[in-house]
Amino acid sequence: MTLPGENATAWMASPMMLLVVVPLAAGAGWLLTRGVAAIVEFLPADPRRHRAVWGMTILAAVALWWWEVVLGSQLPVGIATTYSATLGLRYLAHAILFLFLAAAAWVDLRHRVIPDAITVPGVLAGLGWNACFPDTLLPIARLLARSFATPTVGLDVLGPAGGLTEPGLPAWLGSAPAVGGLAAAGLMFAVWWWAGTAPDDAPPEANTQARRLPGPRLLIALAGAGGIVAVWLVGVSHWAGLVTGLVGLTVAGGLIWATRLGASWALGREAMGFGDVTLMAMAGAWLGWQACLLACLLAVFLGLAHGLSQLLRHAESELPFGPSLCLGLVIVVVAWQRLWDAASPQFERPLELALVAGLVIGLTAITLWAWARLRTSTAARRD
């Protein structure tokens with residue numbers, strides 16, 4: 001696997017790179033405003049709002065470039081910052097993901113819905129990206145054992161069970177000719193396709209929001225199946241990158257689905273929309289399940305802060321959880337190394353990991369229950 005440090009291109013960290021970043025960011029801002037307007041159909045367009053979004057998109061893109069490429073802040077401690085194509089591609093991957101998250105948060109804040117028109121392309125883009133560029137997954141450190149010498153720190157990227165190079169994928173989950181890997185990947189994709197692309201006339205338990213899906217489901221299924229088989233035949237790191245995205249999609253989406261069930265049970269009614277499930281599945285397809293678990297834990301506290309701010313402003317609307325999830329994901333990506341250094345020991349202990357997952361589900365249910373009680377009592381006092 002080619003990792004950062006090879007094919008050095010120092011111009012990526014030079015001010016000249018702004019000539020590339022700024023126009024691309026302006027185009028991304030234009031795409032964000034036009035895309036959101038097309039999805040939710042709110043007209044007329046507000047030129048001042050669009051210009052503000054373009055400006056914020058440019059500032060965010062430049063700040064992310066400075067943080068990830070110039071400073072190399074995502075690289076583990078002990079790894080020298082070297083400028084390579086991988087570093088630039090990782091920055092581009094995170095910029096694309098943030099664009100999807102911004103669109104989802106914007107629509108959820110305004111309309112209390114996260115459309116399939118955002119999450120389905122986001123999932124497919126994330127899986128395709130990780131299959132093509134597995135080196136751009138979140139970086140982690142690993143020890144390189146040497147004979148008659150002190151082990152040194154090397155660079156790896158995050159896989160389903162630790163490093164993608166070491167320990168890598170289990171043998172049964174490998175590429176061709178390991179049929180078990182192909183079957184597992186197909187099953188994970190099929191579960192997402194069945195639940196995450198459900199049409200509007202699906203049963204309520206399968207599709208609880210009015211979501212709009214671009215393109216026929218059959219085309220998505222055929223493209224996904226063909227892509228999985230092709231990458232399985234190619235194998236090597238490309239298959240490992242695809243499996244990382246599929247496991248992330250399944251675990252992250254499943255965690256929010258379980259959280260949704262727990263919160264709905266605590267409130268005695270539906271507490272979260274299915275769009276939150278598809279949103280985290282999209283994030284898992286890009287980042288892997290470990291980063292999404294950390295983001296869910298952060299989102300609980302961010303959601304509570306959001307709810308309290310609504311109470312102080314006497315807001316009557318429901319509490320959308322999608323923006324909290326999106327902000328949690330951004331924080332995890334930006335502060336990845338600090339968070340991973342603190343949390344990685346827990347990911348090596350199954351019991352502690354299960355406790356963390358249970359904590360996420362329980363805290364979210366308690367937060368939503370407390371928010372509902374506070375909102376009810378506040379409304380009663382006003383009356």
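General remarks:
- Vicinal HN-Hα couplings computed from phi for the range 167-177 (Karplus, 6.51 cos²θ - 1.76 cosθ + 1.60; Hz; Gly/Pro x): x, x, 8, x, 4, 5, 9, x, 7, 3, x
- Residues in the range 335-352 reached by a label modelled at W66 [backbone nitrogen below 17 Å; 7 Å Cα→Cβ]: 335
- Under 5 Å from the amide H of V157 lie the amide H atoms of I140, L164, T165, each residue being 5 or more positions distant or on a separate chain, with H modelled from the backbone and absent for Pro and chain starts.
- Per-residue HN-Hα couplings for the range 347-361 [Karplus 6.51, -1.76, 1.60; θ = phi - 60°; Hz; x = Gly/Pro]: 6, 8, 10, x, 5, 5, 5, 5, 5, 5, 4, x, 5, 4, 5
- Scanning residues 5 or more positions from G168 or on other chains, those with amide H under 5 Å from its amide H are G163, with H placed 1.01 Å from N in the peptide plane.
- Model label points for L353 and A221, set 7 angstrom from Cα along the Cα-to-Cβ axis, are 3.2 nm apart.
- Calculated FRET value between S309 and R110, using beta carbons and R₀ = 22 Å, to 0.05: 0.85
- Net charge, A240 excluded, C-beta distance under 14 Å - Lys, Arg +1, Asp, Glu -1: -3
- Taken along the Cα-to-beta-carbon direction at a fixed 7 Å, the label points for H50 and D341 span 4.5 nm.
- Peptide ranges 253-259, 282-288, 66-72 listed from the most packed, as the mean C-beta count within 10 angstrom indicates: 282-288, 253-259, 66-72
- Computed label-point distance, nm, for sites W172 and S264 using a 7 Å Cα→Cβ extension: 3.2
Values in this text are rule-based calculations from the coordinates and carry no lab data. Remember, it's a predicted structure, so these values are computed and weren't measured experimentally. Virtual Cβ from ideal backbone geometry, glycine too; neighbours counted across all protein chains shown.
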